[in-house]
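Here's the structure, in structure tokens; my notes come after.
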Amino acid sequence: MPDSSLPQLPPQELAERLDRGEPLQVLDVRAPDKVDSGHIALGSELDFHAQPNSKLFAMPDVAALRLDAARPIAVICGRGNSSKKATAFLRERGYEAYSVIGGMAAWETVYVARRLSPTPSFSHVVQLDRVGKGALSYILVSDGDAVIIDPGRHVARYDAVLTELGATPAAVVDTHIHADYLSGARAAAARWRVPYFLHPDDAVSPYDQTPGRLTYEPLRDGDTIAFGRATLRAAHVPGHTLGSNALLADDGLALTGDFLFVQSIGRPDLAGHSEAWAKLLWHSLERARKTWPGDFLVLPAHYASEGERRADRAVAARFDVIAATNAAAVIQDERVFLNWIADRATPFPEAYRTIKEANLGLVDTSDSDAEALESGPNQCAIG
């Protein structure tokens, strides 16, 4: 079957259909090690299968894959090439198969925008879910002015949402210097001619103290960002990084970055200072437990599984619920907490140092570099 007539599926459409709970099948035809390092895991009704092309074509009977011929199959590879051959192979045998355009490289650029309930100060609260990374960023809008928090490098996606909302950017914030993806914050701030906010402790390399080559507005503990009728207040919560900030809104939102997740907490070892930073993380958690209202809605910058979603598919939870159910947050003794972290130490991608330094302006990266560096889901949580 020639490529021009081969049915294909855009990755954005695939994500939206899976997110709606459509019972789609996904067949990943990459090598097993590639699948193990990251694969599609979106949607409560996802039926995931993996079989490398080399074995697929040699199968005497594809029925052994246990694919349902009555349901669509999205076939995915690395970049959208070998999936075409597998799609044609399946269609010749009566399956409704579609090749995912651009493969996993394109999947990792997909963002699903979810609108959360407005508040007295915010007419729009939008969570942008980069589904291939498990990375979450936010657009908060008050009286037409918007603050964009922890954006990825695909700035055009944020432009599109802002246009849809009829909002004008007022500021861009990184809650910390990210290690798992290349931030779009500095590029967006320059493009929109608005301030870029960052805690000063994160404006230097944590590896050798080299100052970052970046222009930013310092956002220290207690500092505020006012826009429209809303105000965000910075709460310094070091531990994942030295300059980690949470952003707190008077009407009940806590954007926690990589400090606190729904089911875990940010790992303190990404710069080689695990023991010292774990102690900082404990004190940040203690401070939050003592001072944050239980009805704060925690909006984190990452998630690790479908189990962290609410019924509306957003990743969010009340702070009192997290304090009672999150494995890290329920620990009440510092020594137990530190041991819990030490017992769960795992390696992280070597690319994380390069990504951090790129986000500090210390390393230049091309688009192809960025794609390779960001490959795979985030590994920013403990456990």
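How do Phe227, Phe89 rank when sorted from fewest to most other Cβ atoms within 10 Å of their own Cβ? Intermediate values should be presented prior to the final figure.
Details: Phe227 22, Phe89 19.
Taking fewest neighbouring Cβ atoms as first place, the list is Phe89, Phe227.
Just to check I understand the Karplus step: with θ = phi - 60° and J = 6.51 cos²θ - 1.76 cosθ + 1.60, what whole-Hz values come out for the stretch 163-170, glycine and proline as x?
These are the phi-based 3J(HN,Hα) values: 5, 4, 7, x, 10, 10, x, 10 Hz.
Rounded, prolate or oblate: which fits the stretch 3-107, taking a ≥ b ≥ c as square roots of the Cα gyration tensor eigenvalues, rounded meaning a/c under 1.5, else prolate when a/b beats b/c?
On the way: a/c = 1.27, a/b = 1.20, b/c = 1.06.
It is rounded, given that a/c, with a ≥ b ≥ c, falls under 1.5.
Which ordering of Ser99, Ser305, Ser5 is given by a fewest-first count of other beta-carbon atoms within 10 Å?
Details: Ser99 27, Ser305 14, Ser5 7.
With the sparsest Cβ surroundings first, the list reads Ser5, Ser305, Ser99.
Considering lysine pairs in the chain that are 8 or more places apart or on different chains, how many have Cα atoms under 22 Å apart?
9
Dipole size in debye (nearest 20) for the chain around its Cα centre, Lys and Arg Cβ +1, Asp and Glu Cβ -1? List each step's numbers first, then the result.
Numbers: 38 positive and 50 negative charges, 68 e Å.
With only Lys, Arg, Asp and Glu charged at Cβ, the dipole is about 320 debye.
What does the highest-first list of 365-374, 238-247 look like by mean Cβ count within 10 Å? The partial results should precede the final answer.
Working: 365-374: 14.8, 238-247: 25.9.
Going by the mean number of other Cβ atoms within 10 Å, highest first, we get 238-247, 365-374.
Counting other C-beta atoms within 10 Å, which of Thr346, Thr109 has the fewest, and how do the rest follow? Walk me through the intermediate numbers first.
Working: Thr346 9, Thr109 20.
Result, fewest neighbours first: Thr346, Thr109.
Given axes a ≥ b ≥ c from the Cα gyration tensor, I'd like to know whether the chain is rounded (a/c under 1.5), prolate (a/b larger than b/c) or oblate. Walk me through the numbers on the way to the answer.
Values: a/c = 1.78, a/b = 1.62, b/c = 1.10.
It is prolate, given that a/c is not under 1.5 and a/b is the larger ratio.
If amide hydrogens are placed 1.01 Å from N in the peptide plane, which non-local residues have theirs closer than 5 Å to the one on Ser99?
Correct list: Gln8, Leu9, Val75.
Every number here is computed from the coordinates shown, using simple stated rules; none is lab data. Everything numeric here is computed off the predicted structure, so don't read it as measured data. For neighbour counting, all protein chains shown are included, and Cβ atoms are generated from backbone atoms with ideal geometry for every residue, glycine included.
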